[in-house]
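Q: I'd like to ask some things about the structure below.
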Amino acid sequence: MIEDTFCEAFDGLFVRLCVTADDEELLRRAAFGATALPCTVFGESEGGVECFLSESETPDGRKGAIIQIWTSYDPKDVRSSVAKLEFELSKRVRQGILVVPTTAVFDAPFEGVEAKGKIDTMRRIGHCGDGYETIEERHGREVIVVPIMMGEFVIERQLSYGVGVMGGNVWFFCDSMRSALEAGRRAVAAVGGVKGAVTPFDICSAGSKPETKFPEIGPTTNHPFCPTLRNRIPDSKVPEGVASIPEIVINGVSLDVVKEAMRAAIKSVEGMSGVLKISAGNYGGKLGKHKIYLKELI
């Protein structure tokens, strides 16, 4: 059963990067390391791996991955929003990719989505060469070559950024942990087939709510939807028979991409035993300007 409800999504700034490396082990370490630890709720950034690429699909002819890095966006203060994206991007590249042997980073703008501008990577990433970095042309692109103790790190100097949509989501009300994990895995795989979309939390086990008894730590557990609290609290919204509720959070380069990814996630569990209801998280329309109604997706 698909509930007659909607998810709330909101605009965010993103960069879409192609990461390459000499072998798959190093590539996966860099791609997943640079996109780990979603923490936008604390004013920082979140990321996700969109897909992996063959040698014929990358600028330098090596194995590759497309990743996305996201930060919040304030249209009333674009300059500060872009500055935050530049800072957060630099941390993730420096600590998640540059330190992995043989890696390189290239711009990967999404076809059909307008880039809003470019970030010059020299200031916060290129200068990791401590003044010994060089600007070169490789693979038809202007890149910064940073000397490191295991060869060099290469990054394209100008990286495009755009405005996309964050926070699309679907919830699966499941009869067991086993069925919840299976539903979540199916949904994440389905979203992985949608170009331009990522699931920054993979299978998210802990939805949050805006109100909290502990504001110093940020959003806390969405207690009405915790199955273990069903018989302990008066405002439980967990139906009988529901033992686990995974959330699949989706960011995409456009609203249409997020809708397509949500549709794919829903279809991936169609007819699956153990999924009792499909819903979504919202806060009455107070969080994001985009309302995506589930029943309009099917």
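Q: From the list Glu111, Glu86, pick out the single residue that is of a type in the set (D, E, K, R) and modelled with pLDDT under 95.
A: Only one candidate passes the filter, namely Glu111.
Q: Let me ask something else about it. Any residue at all in region 51-60 that's in contact (Cβ under 8 Å) with a residue 60 or more places away in the chain, among the small types (Gly, Ala, Ser) and more than 30 Å from Pro239 (Cα to Cα)?
A: no
Q: Follow-up question, since we're still on this one. Would you be able to tell me the number of residues in region 1-31 that are in a strand (DSSP E or B) and under 30 Å from Leu276 (Cα atoms)?
A: Count: 6.
Q: Return yes when Ile233 is in contact with a His (Cβ under 7 Å, 6 or more places away or on another chain) and either in a strand (DSSP E or B) or modelled with pLDDT of 95 or more (or both) and no when it is not. So that I can check it myself, show each step before the final result.
A: On the way: in contact with a His (Cβ under 7 Å, 6 or more places away or on another chain): yes; either in a strand (DSSP E or B) or modelled with pLDDT of 95 or more (or both): yes.
Against the criterion (in contact with a His (Cβ under 7 Å, 6 or more places away or on another chain) and either in a strand (DSSP E or B) or modelled with pLDDT of 95 or more (or both)), Ile233 qualifies.
Q: From Glu50, Glu86, Glu57, which residue is buried (at least 23 other Cβ atoms within 10 Å of the Cβ), among the acidic types (Asp, Glu) and either over 20 Å from Lys118 (Cβ atoms) or in the same structural domain as Phe110 (by TED's automatic domain parsing) (or both)?
A: On the way: Glu86 fails: buried (at least 23 other Cβ atoms within 10 Å of the Cβ); Glu57 fails: buried (at least 23 other Cβ atoms within 10 Å of the Cβ).
On inspection, the qualifying residue turns out to be Glu50.
Q: Select from region 89-120 the residues that are small (Gly, Ala, Ser) and within 19 Å of Glu142 (Cα to Cα) and write down the one among them that is surrounded by the fewest Cβ atoms within 10 Å (Cβ to Cβ). Outline the logic, then answer.
A: Step one: filter region 89-120 for residues small (Gly, Ala, Ser), giving 90, 96, 104, 108, 112, 115, 117.
Remaining after also requiring within 19 Å of Glu142 (Cα to Cα): 90, 104, 108, 115, 117.
Values: Ser90: 20, Ala104: 26, Ala108: 23, Ala115: 15, Gly117: 13.
Restricting to residues being small (Gly, Ala, Ser) and within 19 Å of Glu142 (Cα to Cα), the top hit is Gly117.
Q: Which is more than 16 Å from the chain's Cα centre (by Cα) and free of Cβ contacts under 8 Å to residues at least 40 places away in the same chain, of Phe87, Phe106?
A: Only one candidate passes the filter, namely Phe87.
So that you can scan it fast, the table gives a plain yes or no per residue for (1) assigned to a strand (DSSP E or B); (2) of a type in the set (Gly, Ala, Ser); (3) within 15 Å of Leu26 (Cα to Cα):
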| residue | (1), (2), (3) |
| --- | --- |
| Glu44 | no, no, no |
| Glu50 | yes, no, no |
| Ser56 | no, yes, no |
| Gly64 | yes, yes, yes |
| Ile67 | yes, no, yes |
| Thr71 | yes, no, no |
| Lys76 | no, no, no |
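Q: Which one is surrounded by the most Cβ atoms within 10 Å (Cβ to Cβ) among residues in region 121-134 that are closer than 9 Å to Arg157 by Cβ and of a type outside the set (A, V, I, L, M, F, W, C)?
A: In this case the residue turns out to be Thr121.
Q: So, in region 175-193, exactly how many residues are in contact (Cβ under 8 Å) with a residue 60 or more places away in the chain and surrounded by fewer than 18 Cβ atoms within 10 Å (Cβ to Cβ)?
A: Selection size over region 175-193: 7.
Q: State which residue is nearest to Gly47 (Cα to Cα) when the search covers only region 90-108 and only residues that are in a helix (DSSP H, G or I) and in contact with a Gly (Cβ under 9 Å, 6 or more places away or on another chain).
A: Restricting to residues being in a helix (DSSP H, G or I) and in contact with a Gly (Cβ under 9 Å, 6 or more places away or on another chain), the top hit is Arg92.
Q: While we're here: Take the residues in region 272-295 that are at pLDDT below 95 and at positive phi, then tell me which one is surrounded by the fewest Cβ atoms within 10 Å (Cβ to Cβ).
A: Checked region 272-295; the qualifying residue surrounded by the fewest Cβ atoms within 10 Å (Cβ to Cβ) is Gly284.
Q: Of the residues Ile250, Ile298, which single one is at pLDDT 95 or above and either outside the structural domain of Val194 (by TED's automatic domain parsing) or not in a helix (DSSP H, G or I) (or both)?
A: Of the residues listed, the single one that is at pLDDT 95 or above and either outside the structural domain of Val194 (by TED's automatic domain parsing) or not in a helix (DSSP H, G or I) (or both) is Ile250.
The values are calculated or read from the model by the stated rules, or taken from the named source; none is laboratory data. Predicted, not measured: the structure shown is a model, and the values here were computed from it. Quick reminder, even Gly has a Cβ in these numbers, built from the backbone with ideal geometry, and neighbours come from all protein chains shown.
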